[in-house]
Each structure stands twice: as C-alpha cells, then as structure tokens.
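Taking it in order: structure first as structure tokens, then the write-up.
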Amino acid sequence: MKNFILTFVAVLAGGLLSHWGVPWWGLVPVGLAAGWLIRNTPARGFAAGFLAGFLLWGIWAFALDHANEGILSARIGMLFQGLGNWTLILITALLGGLVAGFAVLSGSLGYDLAFPPKKGPYARRRRRR
Amino acid sequence: MRLIRFLFAFLPLAGLVWALSVPLKAGDKTLPALGRFFSPFSGFWQNAESANAPDAIPIQAKLPALKGPVEVVWDDMMVPHIFAGDPNDAAMVQGYIHASHRLFQMDIVSRQTAGRLSEVIGPRTLEADRLIRRRGLPWAVERNWKSVQESPRTVQLLEAYAAGVNAYIDQLSPATLPLEYKLMNFEPERWSPERSLFVVANMIDALNNRDNDLAATNSLAVFGRDTFNYLYPNWNAKQTPIIPDTGQWADIQPLVRQETVSGQTAPGSAPPERSELSPNRDLNGSNNWAVAGSRTRSGAPILCNDTHLPLRLPHVWYVQQIQTPQFNSYGIVVPGVPLLAIGFNSDVAWGFTNCSHEVADWYRLQWTDGGKTTYLLDGQPRKAELRVEEIRVKGAPAVRDTVRYTDWGPVVYDQPDHPLHDCAYRYVAHDPMKPESLYEFLNISSARNYDDYRKAIPGLEALSQNVAFASRNGAIALTVQGKFPVRQNGQGRFVQDGTAWANNWAGYIPASQLPAMRNPSRGFVYSANQHSTPPTYPYYYIGNFDHSRGRRIYQRLENMRDITIDSMKSIQLDNYSQRAADGLHALLRRVKREQLNDSEKKWLSALEQWDARYQPDQIAPSLFEMWFDSTYVHTWDEMENLRRQKTAVLFPEHWRFCELLETDSASVFFDELSTPRREEAGDIVTAGFHKMAARAEKMPSDSLQWHTFKGFVLKHLAMLDAFSRLDVSVGGSRNSPNAISSNHGPTWRMIVEMGAPIRALGVYPGGQSGNPGSRYYDNFVDAWARGDYFDLVFLSQSGEQNPRILARQTFTHGS
C-alpha cells in the first residue's frame, strides 16, 4: 500500500512539474520513471498511475473550466458534436489517466525485464538500488 | 514471457502516445492532435480565461525599444487607453495589445492579402491565394513598401508597431498560444511593416474591389444600346445625392473632354461570354451624417457613423484611445495597423462611408505570339513582364504561377475558358501609395478644425470614402475622397480595347475638384453609399450606388429638429426600407386581386398593413421578400436564362424594376419567354404572389418571422460554427438604415456629440478579445442586437479617475 501511495504521489507531483516546459506527454517519462523505481504489482502500478494522471488532468481541467464559468468548454463541446463540459473534463481526465497508467505499467514491467526477480515475477521484494 | 508482459504494457502506451500525437483528419479539415489539445497544461483548457478577474488584460511587459514608460488604462469594455510620450512608443504598445487580443485575426488577414493562406491551411485555399496574387495585390504592396521606405518616420512607426507585436509573439508558449493556432496546427508568423501594409491593402480591396464590366459588356451585346439604356439607367431621379449642386462646379474644366466613347469599348457584336463570376458581391456600405448645432437640443453638432461590413468574430474593428503629446483621440482601428480609422478627439469627430465609384477596369489584349509574351499597343509590340508567384502549400508541393504584367496591369485569369482571359486589369489599388500617406492620415487624430481634417484625408489614398466631419466649434462637413479616374463619358462601363493607350485613364480627379460641402444651410450632411453628386457634376463616373438608405436618412434628418442622441439612435436603428416601400407600392398596384383565393387574401392583407419596417418578429417582411424576389426573377427571365448558362449579365437595379412596374407595365420584359401567351406586369406580379403564398403556406409561422427567415449568423473568421454566434435575433434589412442582412451589417455604431464635455456612444457586435475562451469575446453582441449603446470612456489624462476603470498598467523599457 505504501508503494501504491508513493507511486501515486510521485506521478502526481512529477506530472505537475513536468508540465512546465515539457509538451503534453510529460506524464510518460514521469510514469516510466515511477514504475521503474517504485515496486508494485502491475495492477497496482497501473491503478496508481491511472489515478494520479486522471486526477491531475481532471482536476486541472475542472479548475480552469470552473473559473471560466464554462464559456470555452461550451464552444469546444460544439466542435465535438455537442459534448458537455463534464464530458470534456472526463475525456481529459481519462486521457491523463490512461497515459500515466500505461507509463507506470511499462516502467514497472520494463524493470522486471531488465532485472528479473528470483522467485516468480511478483513476489514481495525490496526495492533495489 | 517477461518480454511479452512488457510489450502488453508498452505497446498500448506507444500506441496511445502516437494516436494522441497525430492530427486527426475529418473530411477536408484537420483536427488537432488530441493529446496536445486536451492536455489541461498546454491545450485548449489553457485558453479558458477566468471569467471574474479580468484575465483578458495582457500581461504587463517590458518592451526593449520603448523610449519612455507607457501607461495603459483598461475600462470595463476592455478598451485600452494608451498614454505615451512618443508616437512610436504608442505604436509599439498598440502592437503588443492588438496582438494579445487579436493575433490570429491579424495573421490571417495579412496572409489572405499576401496570398499566403495555403502555407498554413493547405490546398483548400490555393485558388484564393492564386487569385489575389494574380489580381496584383502582393505586387502592389511590394511597391507600397518601397515607396513608404522613403519616409523614415513612417518606417519607424510601422517598425515600432511590429516590434510590439513581436514582443508578444516571443513571449508565447505552447500553452498560451491563441486557441485557433492549437486547433489549426500552425504557429503565428512574426510581424513586419509590410504585414501592416497588407492589412491596409486588405481593407482597401474589401471596399473598392468591384466592377461590372464583363456583365455590362455581355448585356450590351445581347440587348443592344437602346434596350441597354432602357434597362440600366445610371441615374435614379428620386435619389438624393451626397453633395447637391449649388453651382460650385460651374468653373471646373475637366481634364478630358466629355465625348461619348464609341470605338474604344469592346465591340458590341461580340458573342456573350461565359462567366462564373457572381453578379453582385457588393454589400459593403455604411451610413454617416453630421448635424449642425442649429438642429440639436444641446446646440452642439452631432456626428454619427455606422459602417456596414461582413460581420465576423473576432470583430473587424478594435476600439482604443491613444494619447501622445500630439493628440488624444478615441476610435476604431483595424488590428494590424497603428492608426485610428474612425473616431474623435476633444475638438473634432470624423466618420466614413464607402464611396461606390468603380475604380477597376478591364482591357482586352491582342497577343502577337502563341506564347502570349508580346501584345500590341498602338501598333507596336510590347513585351509583357513575367512575374513568378511561388505559393507554398501545407502538405503539398509548392505551386509556381506565372503572371503576365502589361502596361495596363496584370492578366488575372489564365484559364482559357474564362471570359476575362487575355484581359489586363487596371485597378486603382495598384498605384503605389505616397511615402507619407499613412502619417498624413495619422494627423486626423490631432485635427483641431476643418482645415486639419481636409489636409489629413488625402492620406487615405486609394481608399475611396465619404468622410463626414463635425467639430466642437460648430463646423460640419462632408468630403468625397479617393483616387477617381478621369473618364470619358461611358468609359469603363464595359471591357475596353487594350490595343490603344488612348483608352487609359487620364489621371485622377484633383482633390480640390472632388465633391465636398461644408456648413450647408440645411444644417446637416450625410451619406449612405448613394451617388456622390447629381449628373451635373462635370466628371463622368460609374459605380454601384445604394438608392434606398440615403433617401430614408435624408427624409428623417430633414424633418428632425431639437435633435438629441436618442433621435440619432432612432435613425441608426431604423428598420424601414425605402426599397420595400417603393416595391410594395408597385406590387400592390399591379397584383390582380380577383385571382387570389381566400387564404392568399390573408397574406395580402398582412402585406397591405405592413409599414415597410423589417421588425424581427413580423412575417410581412418575409412575405414581401419572397414576393419581390419571385416577381423579379420571373420578370428578368431573359437575364436569368443567360445566368443559368453561366454568362455574366447585368440585372436591372431594384429601383428601376419598381419604376418599370409603375410606369411601363406592358414592357416586353414582363412577358415570360417560356409561355405562349403575352404577359404584362400584373400577370407576373400575380404569379409571383401565388408562388410566395404556396411557399408561405408550407412554412411554420415561426420560420416566417423575419429574424428567422433572414437567418442571421455571426460567423467566426475561420467559419468554425463552435466559435460563432448563431442565436442572435435581429431586425433590419440590407436596404434599411439599420442594414443588417444575414451576415453583414453595422460593424460600429457611433454617435458623438461635440459638446463640452464630449459625449460619445458606440457598440459593435463582438468583443475586444479575439479569444473564444474569454468573456470579452462576444460581450457586446447582445447589446448590439437589442439596439443598446455603451457610453465611451474618453479620458483627458492617464491619472483621471473614473468608476469604470478596471486596471492600470505601465509598460516600461527593458528586456
């Protein structure tokens, strides 16, 4: 559970920081690094990454939309066949979640590929240096 | 095994990143890459301005080349009031501010006139780019720029402006890029003085580019001279020209003798030519007037202006106040140019309407070789200059296009089946501007009196305008300004013979002989795109003149005493149409009532009670339009048949149609060609009524209401519905003083009372910010539609207190 939270926080904070200066895919290196460095089962790793990406993008979009009183999301919604602002926020959050989730998962499984664990792939183990 | 597991995670990731990174194709449009577009850190969400705090105010910047601090005060209309110690500093801050609110618009407008849209949009705009280049606009701007470089102060002004725009562009990040760039996948191009000249050329071309030469030539060939004169007279005796004849032209000796042109026009026996040209694209017009203190309640003159142009978001104009040691003035600018176009200062106010003289002609060439490089002029072979236009196209190879330039001008159409193929184009906007023109016109901002105004307006150059004027010391005036070719009688109405140099324009009408009036005893001056003068004016001219708004405005002004700002509003917002009043009278007179059934009589009585006002919730205006149109089309089936065969042909003007209905109901033109019997006006009018009634019966009553029937839309510049306003309900019509048609109308309603202090009102259908994510994008639209105005905040100095001030900022020197 501790590593789940650690991964979640790492992706959230790293994701936030990466967005100053890195294009939209900033979550990818952050997720890969978090997955590589912090041990989790694949499901947990994915979930932690997904949740962090989902919340980061979702809340950020929500905050901007709220301050804007939905002026822009109403117009963008029309560009996409009349989607509402909540749907746009949900799409944004899902994109952030999926990218971050798969990035953490890839990082984690990539680590396993490079450094095969001794007893079965997902036995509990310490984090290696 | 582990590899497979890894790939199960990595391949979806790679796929996802790829899918979100490539622009999507939807039909012929591309949508942005979804990852970048949806990212709340760099995508569209970043353009969502906070609705409460005035996020729309540009961030305060240091501008390296500023000579001193520049204060900018923002009011609640998001209008900047710029206080600078130097005109170039003022220009630089304008550049920064225009860019921060309207960068995409500036970029697109300048690209459009440069024929460089395809670079960023793709093959879709290639033909438009090719045509504007072949019409010689970029060529002319190159020449203008060469000329302007002889005036160091003009260059400095334009360079300062460009530096301001570029300072804004340089601080942009992928996140703060204007929304349209994110959507359309390109980046803003840096600004330059030439790009400002392209924006100027765009305005001149939008207002001056019109000619009916081809259609007139074809009509003359088909109908012969007598019928031609019968169908298309130049002068409507009912109209009230802008400048009446008071004997002021008696002494003018025109530069050419007024002889009727005979041999010079293209031969009348030539077969009609095919054309895809639209017969009438001329909607741009405007109203302006000034009333003297003798007619106003306050005793101060009042100047009014509403400029009718295509209505778009972002709006064509930007509103601002500029104060420098030389002047303190308020008004509208075209983003891209650091000059007030229309406005006022503490001493004078001025306003424009378009002057509809035709200033473009076509000359048929005679080539002496198959390769079309040499043409005949006065019996001598002349070599055409070849200019190669290279048009870069996004996602496709560049296109090279060779344009032949003759002594007349460029050969515009190279398609062999185009009727103007082998014709050279002579256009007043091709003449290079004088080096100091922009500066000259800048001086209108510092005008103190009539003389200053007269000195400044020739700076408008080829932009032909009726310029109204009022001053605080009580003067009112109106001047017709522009470069108007001196023509022989009849010259330029038809495609001309390009083998004789004698057919060239004999110069331009001298400014001192252009129609003008000052302080007339009637106490008002006005214009609404009608004829400049009665036919007694010694120079011949042609054009597309409006016959409807001018008559109405004249009647209203003539009968008005004790004028207030509210009575001025009532003219600007007047939905009455003189064309409808005349048309309705003629139609009702000719319709055969005994042939109408009971349900048709219901429509008839609605029309009989109609007062020719295009009110938004009435159905009579819609009925009238349908009736008038169908009667018109059936009457002119001779022309309609030609048009269907893609032959450009003149249609008689509406006022002439009404006149013929009233006075010549047995005219052969009322006979329909497709029927064996011989119809007269009453038959056509009644048949038109049946058609209208049949159509009206099928329509639900709410779609018969004028505002729905008209289908008003306020479209985004790039035609994106999502950024347009499609829900605005307005009255008025093309021929009403309140000239709102479906996508065209009053772009800046302004009323200025020249008292102490000055009181000014204004409104436009848009908002100061060009950002669709800003509440200042369209915040004036509803007020404009309702007919409300805003009181304009005119500050005497930067420190002045005013409850409507939102924020103050200072731009400083620095890097």
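The values are calculated or read from the model by the stated rules, or taken from the named source; none is laboratory data. This is a predicted model, so every value here is computed, not measured. Glycine gets a Cβ as well: all are built from the backbone with ideal geometry, and neighbour counts include every protein chain shown. Side chains are part of the model used for accessible areas, which takes the heavy atoms of the whole protein and leaves out ligands, DNA and RNA. Shrake-Rupley method; radii C 1.70, N 1.55, O 1.52, S 1.80 Å.
List of remarks:
- Stretchable slack from B:His585 to B:Glu142, in nm (0.36 nm times residue separation minus alpha-carbon distance): 154.2 nm
- Fraction of alpha-carbon pairs over 25 Å apart in the range B:498-604 - percent: 50
- With the simple spin-label model, which puts each label point 7 Å out from Cα in the Cβ direction, the B:Arg2 to B:Gln326 separation comes to 7.6 nm.
- Solvent-accessible area, 1.4 Å probe, carbon plus sulfur percent, for the range B:569-680: 49
- For peptide A:28-39, the mean count of partner chain Cβ atoms within 10 Å of a residue's Cβ comes to 1.
- Hydrodynamic radius (Kirkwood) for the range B:587-704, which is based on Cα pairs only, to one decimal in Å: 15.1
- A:Leu83 accessible area, 1.4 Å probe, all protein chains in place, Å² to nearest 10: 60
- Only Lys, Arg, Asp and Glu carry charge here, each on its Cβ (+1 for the first two, -1 for the last two); on that basis the protein assembly as shown has a dipole of about 4120 debye about its Cα centre.
- Note on chain B: semi-axes of the ellipsoid equivalent to its C-alpha gyration tensor, largest first and rounded to whole Å, are 42, 34, 32.
- The label-point distance for B:Ala606 and B:Thr675, in a model that sets each label 7 Å from Cα toward Cβ, rounds to 2.5 nm.
- Inter-chain shielding of A:49-60 (mean C-beta neighbours from other protein chains, 10 Å cut-off): 1
- Cβ neighbours within 10 Å from other chains - mean over A:96-106: 5
- Using every pair of distinct Cα positions in the range B:668-734, the Kirkwood expression returns a hydrodynamic radius of 15.3 angstrom.
- Relative to the 2.2 N^0.38 Å rule of thumb, the range B:661-815 has a C-alpha radius of gyration ratio of 1.65.
- Computed over protein heavy atoms with a 1.4 angstrom probe, the accessible surface ordering of B:Asp407, B:Asp562, B:Asp637, largest first, is B:Asp562, B:Asp407, B:Asp637.
- The alpha-carbon of B:Lys715 sits under 13 angstrom from the alpha-carbons of these aspartates and glutamates, leaving out residues fewer than 8 places away in its chain: B:Asp727, B:Asp778.
- Residue (of B:Phe669, B:Ile740, B:Phe723) at the positive-pole extreme of the range B:660-815, dipole from beta-carbon charges: B:Phe723
- Cβ-Cβ distance of A:Leu83 and B:Lys698, R₀ of 35 Å, FRET efficiency by 1/(1 + (r/R0)^6): the value works out to about 0.50.
- Approximate shape of the range A:31-71 as ellipsoid semi-axes (Cα gyration tensor, √5λ), whole Å, largest first: 30, 9, 5
- Largest first, the three principal axis extents of the alpha carbons in the range A:2-114 are 48, 25, 24 Å in whole numbers.
- Ligands, DNA and RNA are left out, and with a 1.4 angstrom probe the accessible area of the range A:2-114 is 41 Å² per residue.
- Volume of the convex hull of the range B:357-463 (Cα atoms only), normalised per residue: 176 Å³.
- Cross-link pairs beyond the 19 Å C-alpha cut-off, checked among B:Lys25/B:Lys394; B:Lys601/B:Lys691; B:Lys182/B:Lys394; B:Lys592/B:Lys710; B:Lys434/B:Lys483: B:Lys592/B:Lys710
- The range B:303-408: radius of gyration over Cα atoms, expressed as a fraction of 2.2 N^0.38 Å: 1.78
- Calculated FRET efficiency for the pair A:Phe115/B:Leu726, C-beta based, R₀ 56 Å, to 0.05: 0.40
- Area of B:Val728 that stays accessible when all protein chains are in place (1.4 Å probe, Å², to 10): 10
- Residues listed by number, the range B:675-708, amide nitrogen under 13 Å from B:Arg644 label point at 7 Å toward C-beta: B:675
- Between the Cα long axis of helix B:598-608 and the first principal axis of chain B there is an angle of about 70°, rounded to the nearest 10.
- Near-label residues of the range B:487-506 by backbone N, under 15 Å of a point 7 Å along Cα→Cβ of B:Gln366: B:496-503
- Crossing angle, helix B:681-698 versus chain B [Cα axis fit, 0-90 degrees, rounded to tens]: 40
- For the pair B and A, total buried accessible area rounded to nearest 100 Å², probe 1.4 Å: 3700
- Square roots of five times the Cα gyration tensor eigenvalues for the range B:465-556, Å: 31, 16, 10
- Computed with a 1.4 Å probe on the full set of protein chains, the accessible area for B:Asp582 sits at about 40 Å².
- Listed by chain and number, the aspartates and glutamates placed with their C-alpha closer than 19 angstrom to that of B:Lys383 are B:Asp369, B:Asp401, B:Asp407, B:Asp414, B:Asp422, B:Asp497; residues fewer than eight positions away on the same chain are left out.
- 52 Å tail of the calculated P(r), the protein assembly as shown, as % of Cα pairs: 26
- Positive-pole candidate from B:Leu16, B:Gly395, B:Trp289, dipole of chain B, charges at beta carbon: B:Leu16
- The angle between the Cα long axis of helix B:549-558 and the longest principal axis of the Cα atoms of chain B comes to about 90 degrees, rounded to the nearest 10.
- For the protein assembly as shown, the 222 nm mean residue ellipticity estimated from helices alone, with every DSSP H stretch of n ≥ 4 adding -39500 (n - 2.57) and the total spread over all residues, rounds to -12000 deg cm²/dmol.
- The aspartates and glutamates whose alpha-carbon is closer than 14 Å to the alpha-carbon of B:Lys602, local same-chain residues fewer than 8 away aside, are B:Glu594, B:Glu697.
- When the solvent-accessible area of the range A:2-114 is split by element, carbon and sulfur atoms take up 78 percent of it, the probe being 1.4 Å.
- B:Asn489-B:Thr227 FRET efficiency (beta carbon distance; Förster radius 22 Å; 0.05 resolution): 0.70
- Distance in nm between pseudo-label sites at A:Leu17 and B:Ala128 (7 Å out along the Cβ direction from Cα): 4.6
- In the range B:3-24, comparing the full protein assembly with the chain on its own, the residues that lose 40 Å² or more of accessible surface at a 1.4 Å probe are B:Arg5, B:Phe6, B:Ala9, B:Leu13, B:Leu16, B:Val17, B:Leu20.
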